[in-house]
Amino acid sequence: MTLSDMITDIGEDIDRDDIDDKITVWIQDATNWLYNKSHFHSLERSVTGTTTTDDELKIVPADFSEMHTLEYAPGDGTGYILNEVSSTTFFRKYPDQNFSGWPIDYCIYEDQIILGPRPNDALALILRYRIAPPNIRTHDLTITDDNNAATNGVQIYLDEDAFGLGYGKLYFVSPNESNALIRVETVGGHEHDITIFHSADAATLGVEWYFDDDGSDASKRNLFIGVNGLDCIVKTNGFRKHAHFIKFIDSLNAASVGSLVYCDEDVPDKTDRLLSVNANNVDAVSELVLSKEGELPPFAEKFHEVLKERSAGKGHLFNKNKDDAQTAFALAEQLSREVILSERRAQSTVSHAKPFSARHRHDHNNANLFPEIDDGLS
């Protein structure tokens, strides 16, 4: 289900098709309400990965919020939990990362997990974490029209697989030899930055970023000519809260329908640093997406019925239909209790083991048949 699908459904329930922005706010409020109502088992994740020798960098998952544990198995049957330290402490302890060994510490910096010391062998990593709170509101990324874009800015390149298949990274050759930040439009009191990384090899690492300001779908205006035949996303910074993504469409016609995108890192306002010679001679926007697939976050997708009823309740209040609002709120509350109970039942439970015995003393056989029942006799 997409956000537009849910907005349409709620609009039909409250008989309004002219307040999509308000409905979006209500969906976000309902999402926050349900997310904070209980710690869902489904918000916990465990992923595995493998490092290679001297490979100290691993990208965090796209839905990462906070770490529980990071472990590795060195291959001798043992396992170790690494210590998470702040980036300041990590870079003071490992200033050059010029030696290898069994990793002891790690830090999370610029969406990457950095191990210290660097692994001296291939390691199997186990990452346990909590996913980011789902976000519904979307942001716009402004592309400023500038006929002198190529002179005032520096061309930007997209590495379509920098962080894994379809997860990209932006590069440019900075005159200041430093990374640049661009900012999306502020929505709901929060904002996001996106890093464009400096590299003298930017043109080799990536391909040109083109912008089609005539595109009817604002989330599909960013184009590139890829090698995998797959679209790509670039993640915003600030992953510990939640993230959005710039969507890039793989198109063989990118150069003919779009214009090259440049960055002027010296512009004080970070929202105005992206430049292009737009076909319509006006500034245009690219709408960020919520996920790689462009659908609602998994949390909102899974519990969309609860969110729909809660949002519809806000809509009925807006329409001054108090009776309908109370009915919708009551249904949302009932559905939330059901999903919370369902989530708790889905969690793993542990019962104390009881020894098997062929002797019929103190009804031990019955205890073994029903270990969840403690009759007080064992």
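Since every read-out is calculated from the coordinates, none of them should be taken as a lab result. Because the structure is a prediction, the values reported are computed rather than measured. Backbone-built Cβ (ideal geometry, glycine too); neighbour counts: all protein chains shown.
Brief remarks follow.
- A Cβ-based charge dipole, computed about the Cα centre of region 110-231 with Lys and Arg at +1 and Asp and Glu at -1, lands at about 620 debye.
- A simple rule links phi to the HN-Hα coupling: the Karplus curve 6.51 cos²θ - 1.76 cosθ + 1.60 with θ = phi - 60°, which for region 23-35 gives 4, 4, 4, 5, 5, 5, 4, 5, 5, 4, 4, 6, 4 Hz, with x for Gly and Pro.
- Anchor LYS22: lysines whose Cα lies under 17 Å away (excluding residues fewer than 8 positions away in-chain): LYS308, LYS314, LYS320
- Contour minus Cα-Cα distance for ASN253 and ARG45 (0.36 nm per residue): 71.0 nm
- Using 0.36 nm per residue and subtracting the Cα-Cα separation, the extra length available between ASP29 and ASP9 on full extension is 5.5 nm.
- Likely footprinting exposure, ILE249, ILE143, ILE104, fewest C-beta neighbours within 10 Å first: ILE104, ILE249, ILE143
- Spin-label pair GLU66-ARG16: with each label point 7 Å from Cα along the Cα-Cβ axis, the two points sit 3.4 nm from one another.
- Label-to-label distance, nm, for residues given as ASN237 and ASP272 (7 Å Cα→Cβ offset): 2.0
- Distance between the modelled labels on ASN147 and GLN97, one decimal in nanometres: 4.6 nm (7 Å Cα→Cβ projection).
- Computed FRET value (nearest 0.05) for ALA124 with LEU205, which takes r as the C-beta separation and R₀ as 25 Å: 0.30
- Legend: ranking of residues TYR109, TYR35 from fewest to most surrounding C-beta atoms inside 10 Å; resulting order TYR109, TYR35.
- Contact order, relative form, for region 137-295: 33 percent (alpha carbon pairs under 8 Å, 6 or more residues apart, mean separation divided by residue count).
- Residues LYS220, LYS93, sorted so that the one with the fewest Cβ neighbours within 10 Å comes first: LYS93, LYS220
- Efficiency of FRET from Cβ geometry, LYS302 and GLU333, R₀ 22 Å, rounded to 0.05: 0.80
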